[in-house]
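Peer 1: The structure under discussion is supplied below as structure tokens; questions concerning it will follow.
The values are calculated or read from the model by the stated rules, or taken from the named source; none is laboratory data. All values derive from a computational prediction rather than experimental measurement. Glycine also receives a Cβ, built like all others from the backbone with ideal geometry; neighbour counts cover every protein chain displayed. Accessible surface areas use protein heavy atoms only, side chains included; no ligands, DNA or RNA. Shrake-Rupley method; radii C 1.70, N 1.55, O 1.52, S 1.80 Å.
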Amino acid sequence: MVFTDATVHKGCISCLLTSTNLYGIYMAQPIEDGNNSISPQIKAQFSSFIEPFFSQYHRDRCYPGLIFQQGKRTMLQINVPASDFSGLLQAKPSTGNDPDSGKNRPEVKGHADEIKKYIVDRSRKEKPWIVGTLTANVAPKDITILELGRGICLVVIRRGVKLDITDGQHRKRAIHELIESTESHLISNDDFAITLVLEGDFQQCQADFRDMAQTKQLDKSLLLSFGEFSGRVGITKELIKRVPMFQGKTEKIKSSPATKQKLIYTTNFIARFVSCIFTNDPGNQLRDYDVYQASDALVICLNKFFSECSNTEYIADTTVEEITTDEVNAFKEDCILGISVGLEVLGRLLHYIYDPENNYFNEEKISQLAQLDWSRENQLWKDNVIRIDAQPKNPDKPYRISATVSAVTDAVKTVKITLGWI
């Protein structure tokens, strides 16, 4: 690592930065004219000062950077154009059953494709998207750092040097594949932030990867709650606002609903329910569905069903302030519509009576579904989504839930036969 410059003395650079406010120039970005008060003269002075450095290292890769200290090590922050990724960054995933064969975990199949699809979908619609900062490491001796003062520097990376990814191998692959595809124009003008750890020790790099993987996985309900207001996320949010059965009774952050807080559903339960209704597939994102048209029809359908169904009428008509914890607990214990698999069964049945061309649910059949007994004791659900436990912990509650695809399919078929729909 070289904190030097053959042309200008470091002390003079610091003076120049201070006297001409070049630090402010460097930090200022032309985001909005109102935020950029640097005069054209000072900008020109800065350009004439910085250009010789880039000219000197034009055969290498040279990036403006910021130096900072963290965890007893020196780190850098640089921004890299998408076109530089292929030659600059490399992932070293482990292979086979040998963790020491690489610095990263084995790649998760399909994850890079998910990231790529996210970027492409958003870019085609000219909507904002974001990819988190990547982290890489390099031995200090393999790069040159020209320190300009106040933590500002130029980072020179020779052509033959590769940065080893510590965190972000799937993001790197997605960007790499995109920039080499026919859709490279979608990201060709984008830059990606890299935190560069000056670390050459292999075992420490592995430890860094492990430490960065310690973050808690976000619950699906939280991801949906902060999702873009479109497709099934938008429809789900509309239902939670406009269907009294869900209003105030839905957990929007955590993975399970706390009965003590009078919560029955989660955002994820309802999102899967919505997907089943429109496509019979709990994982479909409904990207091409109009949020308000789909929501309007579904709100009418669900409010009719929940108000007519004897199992849900009281819950639907009672606000979360008025309902008691015991009543919520009893509903979740006694009715399959108080658990996710029950919603999935209902969703697949509503899909059967939905007319997509007219965006309409058959009202007569909604009422037929509402007249069913949705309690766990009903023989309709026996041996499909409800199984009898031969040795239950609580003899008064011998029911065991089965949420397998086959169990749900059997339950839906049983209802259709019972109602004469098939």
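Peer 1: Which order do Arg158, Arg348, Arg124 take when ranked by solvent-accessible area (1.4 Å probe, heavy atoms of all protein chains), largest first?
Peer 2: These residues rank, largest area first, as Arg124, Arg158, Arg348.
Peer 1: Could you calculate the contour length gain from Asp317 to Gln293, that is, 0.36 nm times the residue separation minus the distance between their Cα atoms, to one decimal place in nm?
Peer 2: Working: separation 24, 0.36 × 24 = 8.64 nm, distance 2.46 nm.
Full-extension gain reported as 6.2 nm.
Peer 1: Report, in listed order, any pair from Lys365/Lys413; Lys72/Lys162; Lys332/Lys382; Lys249/Lys393; Lys220/Lys249 with a Cα-Cα distance greater than 19 Å.
Peer 2: Pairs exceeding the cut-off: Lys72/Lys162; Lys249/Lys393.
Peer 1: Looking only at region 129-161, which residues have a backbone nitrogen under 11 Å from a spot 7 Å from the Cα of Ser86 in the C-beta direction?
Peer 2: none
Peer 1: Also, I was wondering about something else. Starting from 0.36 nm per residue, how many nanometres of slack lie between Asp281 and Gln41 once their C-alpha separation is accounted for?
Peer 2: 80.3 nm
Peer 1: Next question, about the same structure. Nearest 0.05, what FRET efficiency do Phe229 and Arg59 give at R0 = 35 Å with Cβ-Cβ as r? Walk me through the intermediate numbers first.
Peer 2: Working: r = 48 Å, r/R0 = 1.38.
Working from the Cβ atoms, E equals 0.10.
Peer 1: Moving on. Going by accessible area, probe 1.4 Å, with all protein chains left in place, what is the ranking of Lys117, Lys262, largest first?
Peer 2: So the residues, ranked largest to smallest area, are Lys117, Lys262.
Peer 1: Once the convex hull of the alpha carbons of region 213-345 is built, what does its volume come to per residue, in cubic angstrom?
Peer 2: 113 Å³
Peer 1: On to the next question. Working out 0.36 nm times the residue gap between Gln70 and Lys397, then minus their Cα-Cα distance, what length gain in nm do you get to one decimal?
Peer 2: 112.2 nm
Peer 1: What FRET efficiency comes out for the pair Asp389/Ile422, r = Cβ-Cβ distance, R0 = 25 Å, nearest 0.05?
Peer 2: Efficiency, rounded to the nearest 0.05: 0.25.
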